[in-house]
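For reference, the structure is listed below as structure tokens.
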Amino acid sequence: MSAVKKNYVVETIRKAQMKELFMKSRRLDGRALDEFREIKIKTGLIEKANGSALVSLGNTQVMAGVKVSTGAPFPDTPNKGMLVVNAEVLPLASAYAEAGPPDENAIELARVVDRGVRESEMVELEKLCIVEGKLVYTIFVDVNILNVDGNLFDATSFAVVSALRTSKIPEYKAEDDKPKLTGEIIPLPVRKTPVSVTLARIDDILIVDPNAEEEAVMDARLTFTTDDDGNICAGQKGEPGTLTPLQVMQASDIAISKGKEIRKIIMEATG
């Protein structure tokens, strides 16, 4: 039997087992359909970073580090600082990861997390302007995926948000249209705590926080990011399968509800 055919048989059997448990509102790892794996957050682990966070979501593990510099603003936003998120899956994190530049999956991961943070207006970018049109803070968030066991979108988002919430930056003041360091270290101006919630559709069932085994057989994936007021500020659909309008509405309701629970965990861990 070829490796491809063997994998297909294994996935078919596993999917049948999952569906049988879904009928009892359970999953292979014992979780309920709307239950996240255990979330652990540690901050301040990278001494040379302006902020950092290590997040474990079950066996998925992600490290995010924040580095601050200054530079010219974008021409269309002369009075706002800049935020850039990059992600890399380390070769040791997964049997499928390879050394080299980020692949399309890592690029999508960074863009989805960046969009959730940006559209929620988490960071007060207008407060990161030092000299309008000339000099602003640039916030770089570099993400390293340390171990892959499903749902990188949420684990990465939790790590980025936690790192940003605990970041400190050097204070500049403008004197005669020129920047000058004050010698003070101030918190990064943050006003929101966005939370990403990812769901997978396997046949007609929606489950939250799919692990690697569940991702291997999912038909569609949907990620929603909500803000502190319960508003959906970003979304991303993945995989070729479709979702009905009712499933999208159910997913959004779950994302809002679970977002409130996880937001408390992030806020407690980041002070």
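Things to note:
- Total formal charge among the other residues, if their Cβ is under 12 angstrom from that of Thr193, Lys/Arg +1 and Asp/Glu -1: +1
- Helical content of the chain, expressed as a calculated mean residue ellipticity at 222 nm, amounts to -10000 deg cm²/dmol (DSSP H runs of 4 or more residues, -39,500 (n - 2.57) each, divided by residue number, nearest 500).
- Annotation for Lys24 and Val248: the two label points, set 7 Å from Cα along the Cα-Cβ direction, are 3.5 nm apart.
- Relative to the longest principal axis of the Cα atoms of the chain, helix 3-22 runs at roughly 90 degrees.
- Over all other residues within a Cβ to Cβ distance under 9 Å of Gly150, the charged ones net out to -4, with Lys and Arg as +1 and Asp and Glu as -1.
- Couplings 3J(HN,Hα) for region 131-139, derived from phi with the Karplus relation 6.51 cos²θ - 1.76 cosθ + 1.60 (θ = phi - 60°), are 10, 3, x, 10, 8, 9, 6, 10, 9 Hz, where x marks Gly and Pro.
- Taking a straight line from the alpha carbon of Lys260, these aspartates and glutamates sit under 16 Å away, with near neighbours fewer than eight places off in the same chain left out: Asp34, Glu35, Glu38, Asp154, Asp209, Asp227, Asp228, Asp229, Glu268.
- Modelled label reach - Lys42, point 7 Å along Cα→Cβ, region 168-212 residues with backbone N closer than 16 Å: none
- Residue-wise HN-Hα coupling along region 154-171, computed from phi with Karplus coefficients 6.51, -1.76, 1.60 (Hz; x: Gly, Pro): 6, 4, 5, 4, 4, 5, 5, 4, 5, 5, 5, 5, 10, 7, 10, 10, x, 8
- In a fully extended conformation the segment linking Leu90 and Glu119 would gain 7.7 nm over its present Cα-Cα distance, using 0.36 nm per residue.
- Spatially proximal aspartates and glutamates relative to Lys168 (Cα-Cα < 15 Å; intrachain offsets below 8 disregarded): Glu47, Glu124, Glu184
- Under 14 Å, Cβ to Cβ, from Met23 - net charge with Lys/Arg +1 and Asp/Glu -1: +2
- Two-site label geometry, Gln17 and Ala174: point separation in nm, points 7 Å out along Cα→Cβ: 6.2 nm
- In this structure, the amide hydrogen of Asp228, modeled 1.01 Å from its nitrogen in the peptide plane, lies closer than 5 angstrom to those of Thr193, counting only residues at least 5 positions away or on a different chain.
- The chain: antiparallel DSSP beta bridges as a percent of all, rounded to 5: 85 percent
- Exposure rule at most 10 other beta-carbon atoms within 10 Å, DSSP loop trypsin sites (Lys or Arg not before Pro): the chain longest free segment: 49-271
- Extreme residue, positive dipole direction of region 29-270, given options Val143, Ala269, Leu109 (C-beta unit charges): Ala269
- The modelled label-to-label distance for the pair Ser257/Glu126, using points 7 Å beyond Cα in the direction of Cβ, is 3.6 nm.
- Sparse packing (at most 10 other Cβ atoms within 10 Å of the Cβ) combined with a DSSP loop state is found for the following GluC sites (Glu not before Pro) in region 44-152: Glu47, Glu98.
No lab work stands behind these numbers, since they all come straight from the coordinates. In this text, all values refer to a predicted model and were calculated from it rather than measured experimentally. Cβ: placed from backbone, ideal geometry, glycine included. Neighbour counts: every protein chain shown.
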